[in-house]
Amino acid sequence: MIIHLKKEAGLNKANEIAKELNAFLLDRPECYILISGSGHKELDSKFDSLVIEKFVFGDDIQLASRKYSKQTREVKIGNVSIGGNSGNTILIAGPCSVESEDQIRQSSELLKSLNLTTLRGGCYKPRTSPYSFQGMGLEGLKLLLKMKQEFGLNVITEVRDASHVNEVIEYSDVIQIGAKAMYDHGILKACGKTNKPVLIKRGFGTTLQEFVQCAEFVLSGGNDNVILCERGIRTFETKTRFTLDLCGVAFLKEYTNCPIVLDPSHAMGYAYGVADLTRACTAMGIDGLLVEVHPNPKVAKSDASQQLDHAEFIALTKHLLQSHLQLERKSFNFIFPFKLTCYGVL
Ligand code: PEP
Ligand code: MN
């Protein structure tokens, strides 16, 4: 249950009620927000005059629910908004891992040449094997900062565990919580305390309910800027790395108010399918794409098979734009009602 309380209640009274209901309390300029889980206690009727609005939910998808906010929440990545009234689809791109200054500079130059605004690159890599490249750590974060300063790019980078979460929060414009890290409550809670956008990737064995509940940890901590990222789930199929769950995306669009980013690179696991998938993804009216691109994928230290080279990535951006324009023209805007402003492509 979510209750909006009038500011005239005062912080002490709001705290008292929150304690009584075993609820989270968010102190917002317009009101106090109390959030309590399923099986909550009812608010005593003596407080009725302080209540602005009450929302009751069937499960613990609450702050992220469309029932709570009909409109997709607006999240700002630097000076680009997604969600809200923006109608934008942002194309986030860069290598799987930051590997060297030369490599990440080439990636930054590519993005800049296409007018893209947001560079990805992992510095703390959650690898399946302890013997694989684990990322450059703080040194990599410093390189991302250097690229941000030189090229004016926003950077998104992942946090592997709670031990370096504050470092990642400090250096990034968007904090990425990876598919393996999304259950780390130390990370989720730390991300709830900042206002920086947080992109949460769905674990490959995670139900949609569990996925959105991870978002609830961050939202109930006070951070409104949560983006959900579908990156493929594990099925019986082995020919592709994972299976991109577009049905799940339809569910998220219908029932949640968080912007949705799709990551076809990790789902596919092979460069050859990524461009087609980006077109399928944007046809669903999503808020962003996350695509891995590397100056020389053959020598990439992680996820080599799925990273596009620069020529493939440039071709992808062109096809993405063309397919969008065709759809828009054919449909006179009613099959495809959203505006695709792939930042940098238009
Ligand atoms: C990544 O983005 O490079 C990554 C490791 O993704 P995921 O957490 O989805 O596996
Ligand atoms: Mn990767």
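The values are calculated or read from the model by the stated rules, or taken from the named source; none is laboratory data. Every value quoted in this text rests on a predicted model; they were computed, and no experiment measured them. Cβ atoms come from the backbone with ideal geometry, glycine included; neighbour counts cover every protein chain shown. Side chains are part of the model used for accessible areas, which takes the heavy atoms of the whole protein and leaves out ligands, DNA and RNA. Shrake-Rupley method; radii C 1.70, N 1.55, O 1.52, S 1.80 Å.
For residues that are open to solvent by less than 10 Å² (accessible area, probe 1.4 Å) and farther than 22 Å from SER81 by Cα, scanning just segment 182-201, find the one that is farthest from ligand 2 (Cβ to nearest atom). Within segment 182-201, the match that is farthest from ligand 2 (Cβ to nearest atom) is LEU188. Evaluate the following for ARG127: is it at pLDDT below 95 and open to solvent by 60 Å² or more (accessible area, probe 1.4 Å)? Yes; evaluated as a whole, the condition is true for this residue.
A quick yes/no check of all residues on (1) away from ligand 2 (no atom under 16 Å from the Cβ); (2) farther than 20 Å from ARG73 by Cα; (3) surrounded by 20 or more Cβ atoms within 10 Å (Cβ to Cβ):
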| position | (1), (2), (3) |
| --- | --- |
| GLN209 | yes, no, no |
| CYS214 | yes, no, yes |
| GLU237 | yes, yes, no |
| MET268 | no, yes, yes |
| ALA280 | yes, yes, no |
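Being more than 17 Å from the chain's Cα centre (by Cα) and closer than 21 Å to PHE211 by Cα, is that true of even one residue in segment 140-155? Among the residues of segment 140-155, not one is more than 17 Å from the chain's Cα centre (by Cα) and closer than 21 Å to PHE211 by Cα, which makes the answer no.
Exactly one residue out of ILE52, ILE61, ILE82 is within 14 Å of the chain's Cα centre (by Cα) and at pLDDT 90 or above, and it is ILE82.
Test GLU167 against the stated conditions and say whether it is more than 15 Å from ASP102 (Cα to Cα), surrounded by 23 or more Cβ atoms within 10 Å (Cβ to Cβ), acidic (Asp, Glu) and modelled with pLDDT of 95 or more. Taking the combined requirement at face value, the residue does not satisfy it.
Evaluate segment 116-128: report whether one residue or more is more than 12 Å from ligand 2 (Cβ to nearest atom), closer than 29 Å to THR317 by Cα, outside any loop (DSSP other than H, G, I, E, B) and not small (Gly, Ala, Ser). Scanning segment 116-128, I find at least one residue that is more than 12 Å from ligand 2 (Cβ to nearest atom), closer than 29 Å to THR317 by Cα, outside any loop (DSSP other than H, G, I, E, B) and not small (Gly, Ala, Ser), so the answer is yes.
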